[in-house]
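Chemist: What follows is a structure written as structure tokens; I'll ask about it next.
The values are calculated or read from the model by the stated rules, or taken from the named source; none is laboratory data. Note that the structure is predicted; figures quoted are calculated from it, not measured. Please note: Cβ atoms are built from the backbone with ideal geometry, for glycine as well, and neighbour counts cover all protein chains shown. Ligands, DNA and RNA are stripped out before the accessible areas are found, and what is left, the full protein with its side chains, is counted by its heavy atoms. Shrake-Rupley method; radii C 1.70, N 1.55, O 1.52, S 1.80 Å.
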Amino acid sequence: MSRLALQKIAECKATKSKTLDLGHCGLTQLPDELFELTWLEELTISNSYFDDEKRTWIYSSNEGSPNQFTTLDDRL
């Protein structure tokens, strides 16, 4: 499992942040620890996405390897 992702999840858990960016954390599957964050309102797992409102690409600020998912967890 990605050390960076686990660090980001632990920070979110400590601060009870409602947003979490796990882009560029080298993930191939979602960590079990993620599902403990029941207060989470916004989760980003993409490495980048297009913001229609701002009309620009938004890139993850994380500096790890790109995420490469082939399937998503049934718990979503």
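Chemist: Mind checking which residues of the range 23-39 are of a type in the set (Phe, Trp, Tyr) and either free of Cβ contacts under 8 Å to residues at least 40 places away in the same chain or assigned to a loop (DSSP other than H, G, I, E, B) (or both)? Break it down into steps so the answer makes sense when it comes.
Modeler: To start, the set of residues in the range 23-39 that are of a type in the set (Phe, Trp, Tyr) comprises 35, 39.
Scanning the range 23-39 gives a single hit, TRP39.
Chemist: Looking at this structure, is LEU20 touching a Lys or Arg at 6+ places or on another chain (Cβ under 8 Å), in a strand (DSSP E or B) and open to solvent by less than 90 Å² (accessible area, probe 1.4 Å)?
Modeler: Numbers: touching a Lys or Arg at 6+ places or on another chain (Cβ under 8 Å): yes; in a strand (DSSP E or B): yes; open to solvent by less than 90 Å² (accessible area, probe 1.4 Å): yes.
Taking the combined requirement at face value, the residue satisfies it.
Chemist: Right, ASN67: in a loop (DSSP other than H, G, I, E, B), open to solvent by less than 40 Å² (accessible area, probe 1.4 Å), out of contact with any His (no Cβ under 6 Å at 6 or more places or on another chain) and not basic (Lys, Arg) or not?
Modeler: On the way: in a loop (DSSP other than H, G, I, E, B): yes; open to solvent by less than 40 Å² (accessible area, probe 1.4 Å): yes; out of contact with any His (no Cβ under 6 Å at 6 or more places or on another chain): yes; not basic (Lys, Arg): yes.
Yes; evaluated as a whole, the condition is true for this residue.
Chemist: If we keep just the residues of the range 34-59 that are more than 19 Å from LYS18 (Cα to Cα) and out of contact with any strand residue (DSSP E or B) (no Cβ under 9 Å at 6 or more places or on another chain), which is surrounded by the fewest Cβ atoms within 10 Å (Cβ to Cβ)?
Modeler: The residue in question is GLU53.
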